[in-house]
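The structure under discussion appears below in the form of structure tokens.
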Amino acid sequence: MCLGATGQVVVGRRAKGPDVGAGPRLLELVKYLRELKATSRLTYREMAGRTGPKPYYCGASTLSQAVTGARLPRLQVVEAYARAAGSRADQEARQRRVGRARQLWKAAAIEQARPLRAGRGRRLRQIRTSEALGQGLGRVRKVGCSLVGSWCVVMS
């Protein structure tokens, strides 16, 4: 049991630890967001009410899922979380919180994209004409076997 921001008794579950498969940058973002929530002493429902009207609104379940570390939350959710956690009166502090959250999110997004980019070899050329198709098939014949998706195409 703990007291919410309004002074009422709040009973809730303890947060689970972050996902073990999360990268270090995502874990840093999750840790920062959890610290914001802990210092604000707000419930997720109270935070959801502070996120704003429809274009900026995030529900309590969306905010709680953002700090699981299972996947990278959308940037809009991270910004809404940072805006909702803390004093509404201090605009400068709010901008710092949102800026820091945005910075951590960007680092986590880059970290998440790196394995996808590393696996890419040479860029494939688009075949737009029958002549280009003939040239491409000629290159495949020279190699002998080319992996296309999960199929192996052998040309003789």
Odd one out for residue 68 among (1) modelled with pLDDT of 85 or more; (2) assigned to a helix (DSSP H, G or I)
(2)
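Take the residues in region 55-98 that are of a type in the set (D, E, K, R) and over 13 Å from the mean Cα position of the chain (by Cα), then tell me which one is surrounded by the fewest Cβ atoms within 10 Å (Cβ to Cβ).
Looking only at region 55-98, we keep the residues that are of a type in the set (D, E, K, R), and these are 71, 74, 79, 83, 88, 90, 92, 94, 96-97.
The next check asks that each one be over 13 Å from the mean Cα position of the chain (by Cα); those that pass are 83, 88, 90, 92, 94, 96-97.
Details: 83: 21, 88: 9, 90: 11, 92: 7, 94: 17, 96: 13, 97: 23.
Only one residue tops the list, namely 92.
Could you tell me which residue of region 38-54 is nearest to residue 112 (Cα to Cα), considering only residues that are open to solvent by less than 50 Å² (accessible area, probe 1.4 Å) and not hydrophobic (A, V, I, L, M, F, W, C)? Give the derivation first.
Initial filter on region 38-54 (open to solvent by less than 50 Å² (accessible area, probe 1.4 Å)): 40, 42-43, 46-48, 51-52.
After this cut, where a residue has to be not hydrophobic (A, V, I, L, M, F, W, C) as well, the list is 40, 43, 46, 51-52.
On the way: 40: 29, 43: 29, 46: 31, 51: 26, 52: 29 Å.
It comes out as 51.
The values are calculated or read from the model by the stated rules, or taken from the named source; none is laboratory data. Note that the structure is predicted; figures quoted are calculated from it, not measured. So basically every Cβ, Gly included, is an ideal-geometry build from the backbone, and we count neighbours across all protein chains shown. Note: accessible area is taken over every heavy atom of the protein model, side chains too, but ligands, DNA and RNA are not part of it. Shrake-Rupley method; radii C 1.70, N 1.55, O 1.52, S 1.80 Å.
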